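The values are calculated or read from the model by the stated rules, or taken from the named source; none is laboratory data. Being a predicted model, the structure only gives us computed values, none of them experimental. All Cβ positions, glycine included, derive from the backbone under ideal geometry; neighbour counts span all protein chains shown.
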Amino acid sequence: MHKKLVPLLILCFSSALAVDAVHGADGLYVGVQAGSMNHDGSGFDSANNLGITLGYEFLNVALGDIAIEGGYTNTVDKGNAPTGDWEIRTLALYGVFRTAGPIYFKAKGGVLGSNIKESSQSNTSTEFSGGIGGGFSLGIAQLELEYTRIEEDVDFISLTLNIMTPF
């Protein structure tokens, strides 16, 4: 999984730098997200997920930017579980705050639906999810590292590359 992810992130980041960075902070952005889903249960190994992010920064305040952000992730490398393998799929909608500056802090909170499959069993839930992280901006690209609480037993450590669109 990591051998495929690194070239993809490099390609996305290189593409972002090649585009003229004359866009303002407000607007639509799209992103590619990858990371490790960590299950707190005994005997569970991490699963690796890949996802997409779609967001819209709509308000610049003195301290930073406010956005609404949706995301979808799906397991690309299952983790081991006591009864076999496990995987998780998520769909989320967050309110996001990023502090001002090229190096920034990020906080988000919202609603997340998840479907966890362990062997032949499946558990679907919808609940509050929140996360914190940091990132840096370079032109129209944002590179972010964050921690997200998916549900009571699952956390997500991820790296996201967002690209601002001209829309």
Of the candidates E151, E144, E118, the one satisfying the condition of being among the charged types (D, E, K, R) and within 19 Å of Y56 (Cα to Cα) is E144
Over region 131-146, the set of residues free of Cβ contacts under 8 Å to residues at least 60 places away in the same chain, more than 11 Å from N162 (Cβ to Cβ) and surrounded by 14 or more Cβ atoms within 10 Å (Cβ to Cβ) is G131, G133, G134, L145, E146
Taking region 26-80 and keeping residues touching a residue at least 40 places away in the same chain (Cβ under 8 Å), in a strand (DSSP E or B) and among the hydrophobic types (A, V, I, L, M, F, W, C) leaves L28, V30, V32, A34, M37, A47, L50, V76
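So, S120, is that one among the hydroxyl-bearing types (S, T, Y) and modelled with pLDDT of 95 or more or not?
Against the criterion (among the hydroxyl-bearing types (S, T, Y) and modelled with pLDDT of 95 or more), S120 does not qualify.
Determine which member of the set N115, N123 is exposed (fewer than 14 other Cβ atoms within 10 Å of the Cβ) and either in a strand (DSSP E or B) or of a type outside the set (F, W, Y) (or both). Talk me through it step by step, then tell me what you get.
Working: N115 fails: exposed (fewer than 14 other Cβ atoms within 10 Å of the Cβ).
Exactly one residue qualifies, and that residue is N123.
Which residue, of G64, G84, is touching a Ser or Thr at 6+ places or on another chain (Cβ under 7 Å) and surrounded by 15 or more Cβ atoms within 10 Å (Cβ to Cβ)?
G64
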